[in-house]
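Comments concern the structure below.
The values are calculated or read from the model by the stated rules, or taken from the named source; none is laboratory data. Only a predicted model underlies this, so the values are computations on that prediction, with no experimental measurement involved. Reconstructed Cβ throughout: ideal geometry from the backbone, glycine too, with neighbour counts over all protein chains shown.
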Amino acid sequence: MEKAGKRILVVGSGAREHAIAMGIRSGENDRDVIVAPGNPGMSEDVTVRSDIPEDVAEGAEWIASLEPDLVVIGPEKPLSQGLGDLLKERKIPVVGPTREAARIESSKVFAKKRMQAAGIPTAQYQVVSNPEETRELCRTWGFPVVLKADGLAQGKGVSVIQDPDGLEDAIERFFVKREFKEAQDLIYLEKGLSGPEASFIVLTDGKKFIPFPVARDYKRIGEDDRGPNTGGMGAVTPLDFWTDGDQSEACHIVERCLWSLSKVGSPFVGFLYAGLMKTEEGLRVLEFNARFGDPEAQVLIPAAGDSYCDMLMSTASGTLDTGHRMIADPRVAVVMASRGYPENPETGYFLDGLDTARQIKGARIYTAGVSIKDGRIVSSGGRVLTATGEGALLPDARRVAYEAIGKIRLEGGQYRRDIGIVNPR
Ligand code: AMP
Ligand code: GLY
């Protein structure tokens, strides 16, 4: 393929990858930005290549044939399958950890061990292998406790347990129904913590890192955090409870984590995401992810401004310049999901109003679960799109995001109305 400017490939298909790709294009028009497999809602902004093979070995071959100057891997699955390693072997610059370093997300027990070795504060845990052992440990610790599956379970392999009924329910799901299949080859119980949560995400070349502004996501489907967990129904940045002290504690946690991974021969290159809880005793790590959060990416990537692509390039070459500054403006992301999501999303409905929403000053639209029918965009997944708003103050950002999502028409489309409200109740 002919190319004039740099060719950059983003692997993935959701709103996060749309945001990553738009961030790369920011400030330069001669960059050839390809998203694979992408989705048709992105095609006005970037080149969409849906023909990437799903198998990672074939995918790496296919990527190499495009001769990209840089590859950014969005989702956890190809990372945990070693796409990063296969690209590195071909000397292709890549933002995304090796399979071994990605274990910080793909094995929660591995993450716990690295945290213990590095003195990173996290909840006490113990691997459990049967219901009786789980009950016994719960009697010793008292409620709340949390039962977790070790492997990747799309954020679902976690059960926060408040009382004996909840414990029996979780035991049924984990040990009897084995709901999380191969993700639950190992199961562990940990002590329950309480406090507000924060997503602290950094871009790192393995040694140096640049933190994005702090954000939070909204995991539950319903307002006031009710109903089942989802892939994320919204996000907001910044957070009113976050202090300078929290910022330095969080940076210290990331430093320790990077040190700990390097020590076992798996330096981490890419986006490292620390899911934190601010308890009365200080910050505690709930989980690490080996990639950008979704929908956190939709509110955070614009903070990198026009330097974003340079930051990614220097990350891949191990020469990240930590002098880059983030533009920490308030931003709010609201996700539109299909009716029936997360259990049984109804799809195949026409989506209208995208262009009108995009015209609103300060708004951006990032598409996810969409496809093409009769030449028009239709919903094809649970989370259909994210509308974001930016403003001088958080309420301005909120107003813009809701104005934008209000222009979208989707039969049965649902979204939360309480994203970004400061101090709800
Ligand atoms: P994780 O995937 O491990 O981040 O867990 C998903 C969600 O479960 C978190 O965002 C928290 O809301 C909750 N959670 C996880 N671990 C704990 C814990 N030790 N105490 C209280 N809540 C937790
Ligand atoms: N928003 C949480 C995640 O991406 O895991």
How about segment 266-307: which of its residues are touching an Asp or Glu at 6+ places or on another chain (Cβ under 8 Å), within 16 Å of ligand 2 (Cβ to nearest atom) and assigned to a helix (DSSP H, G or I)?
-> E296
Which pairs do you get when a residue that is within 26 Å of A235 (Cα to Cα) and assigned to a strand (DSSP E or B), found in segment 182-200, comes within reach of a residue that is among the aromatic types (F, W, Y) and modelled with pLDDT of 95 or more, reach meaning Cβ atoms under 7 angstrom, with the pair 6+ apart or on two chains?
-> A198/W242; S199/Y273
If you go through segment 202-249 one residue at a time, how many are part of a helix (DSSP H, G or I) and without any contact (Cβ under 8 Å) to a residue 24 or more places away in the chain?
-> 4
Might you check whether a residue that is hydroxyl-bearing (S, T, Y) and either within 14 Å of ligand 2 (Cβ to nearest atom) or in a loop (DSSP other than H, G, I, E, B) (or both) occurs anywhere in segment 250-264?
-> no
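Results for (1) within 14 Å of ligand 1 (Cβ to nearest atom); (2) closer than 25 Å to N229 by Cα; (3) in a strand (DSSP E or B); (4) at pLDDT below 95, shown as yes or no for each residue.
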{"residue": "M115", "(1), (2), (3), (4)": "yes, no, no, no"}
{"residue": "E133", "(1), (2), (3), (4)": "no, no, no, no"}
{"residue": "C138", "(1), (2), (3), (4)": "yes, yes, no, no"}
{"residue": "F143", "(1), (2), (3), (4)": "yes, yes, no, no"}
{"residue": "L147", "(1), (2), (3), (4)": "yes, yes, yes, no"}
{"residue": "G151", "(1), (2), (3), (4)": "yes, yes, no, yes"}
{"residue": "Q154", "(1), (2), (3), (4)": "yes, yes, no, yes"}
{"residue": "S159", "(1), (2), (3), (4)": "yes, yes, yes, yes"}
{"residue": "L167", "(1), (2), (3), (4)": "no, yes, no, no"}
Pick out the one residue from E89, E67 that is more than 21 Å from the chain's Cα centre (by Cα), at positive phi and modelled with pLDDT of 95 or more.
-> E67
Do we find that E100 is among the acidic types (D, E) and surrounded by 14 or more Cβ atoms within 10 Å (Cβ to Cβ) in this structure?
-> yes
Considering each of A235, A198, A274, A183 in turn, give the residue that is surrounded by 15 or more Cβ atoms within 10 Å (Cβ to Cβ), small (G, A, S), at pLDDT below 95 and closer than 27 Å to G151 by Cβ.
-> A183
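Would you point out which residue out of G232, G227, G206, G195 is near ligand 1 (Cβ under 10 Å from one of its atoms) and on the phi > 0 side of the Ramachandran plot? So that I can check it myself, show each step before the final result.
Numbers: G232 fails: near ligand 1 (Cβ under 10 Å from one of its atoms); G227 fails: near ligand 1 (Cβ under 10 Å from one of its atoms); G206 fails: near ligand 1 (Cβ under 10 Å from one of its atoms).
The match here is G195.
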Would you say D217 is under 22 Å from A102 (Cα atoms), under 24 Å from the mean Cα position of the chain (by Cα) and modelled with pLDDT of 95 or more?
-> yes
Does V11 satisfy being in contact with a Gly (Cβ under 7 Å, 6 or more places away or on another chain), part of a strand (DSSP E or B) and within 30 Å of L286 (Cα to Cα)?
-> yes
When every residue in segment 122-136 that is surrounded by 17 or more Cβ atoms within 10 Å (Cβ to Cβ) and of a type outside the set (G, A, S) is compared, the one farthest from D169 (Cα to Cα) is T122
For residues that are in a helix (DSSP H, G or I) and under 19 Å from the mean Cα position of the chain (by Cα), scanning just segment 92-113, find the one that is farthest from ligand 2 (Cβ to nearest atom).
-> R103
